[in-house]
Amino acid sequence: MSQLKQLTDFLIANMPKRAMQGFDSQMDEITFIPAQRDNGLGQYRLAIIRYNAVLTWERYPYREYDPKILMALFMSWLTQDERGLLEETGIDSELPEFDIETIDQETAIMVVTLPMAEELNMVPDPKGEIPFDGQLWRLDEPEVWTAEEMTIFPLTEGQK
């Protein structure tokens, strides 16, 4: 699941329906960073996608639903999200930018822009849609194996 989808789902789940009227989320200013890497387990990272997530509310009820709550939701999501890929690619982990334009005494157009980075990962699949390196691949989230236990063998004097 993309970061934009995760953020969108988080906001929809935590904001009242009235505040989500006229809401839209999309990617903007998409760039690719060459970062090919064998991830093991047959997985391959083709590139890193860097983009701005743009979330727009056409009629945000700012008197009814304080924009500071929305700002706090963004900060809450950011503390839970894995933003290490931004640092790995040398991109500063920027905070969201809020642009609020009042329409009337009750509503405003609100646009929030947040930089994001995601891996473009593939796995081999005979029914895949992407021909690469002599075989077919499909997009997939990488599977990461984490050691749950380990054994340490001490080195005694005289051993190398």
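Laboratory data are not the source of any read-out in this text; all were calculated from the coordinates shown. Small disclaimer: the values here were computed from a predicted structure and weren't measured. Positions of Cβ are backbone-derived with ideal geometry, glycine not excepted, and every protein chain shown enters the neighbour counts.
Helix-derived [θ] at 222 nm for the chain: sum -39500 (n - 2.57) over DSSP H runs of at least 4, divide by residue count, nearest 500?
My calculation for the chain gives -5500 deg cm²/dmol from helical runs alone.
Fewest Cβ neighbours within 10 Å first, please rank Met150, Met116, Met27 accordingly.
On the way: Met150 5, Met116 21, Met27 15.
So the ranking, lowest neighbour count to highest, is Met150, Met27, Met116.
Looking only at GluC sites (Glu not before Pro) in DSSP loops with at most 11 other Cβ atoms within 10 Å, what is the longest site-free stretch of the chain?
Numbers: sites that count: Glu64, Glu82, Glu129, Glu148, Glu149, Glu157.
Longest run free of exposed loop sites: 1-63.
Taking each pair of different alpha-carbon atoms in the chain once, compute 1/r for the pair, average those values, and report the inverse of that mean as the Kirkwood hydrodynamic radius in Å to one decimal. The partial results should precede the final answer.
Values: mean 1/r = 0.0533 Å⁻¹.
Its Kirkwood hydrodynamic radius stands at 18.8 Å.
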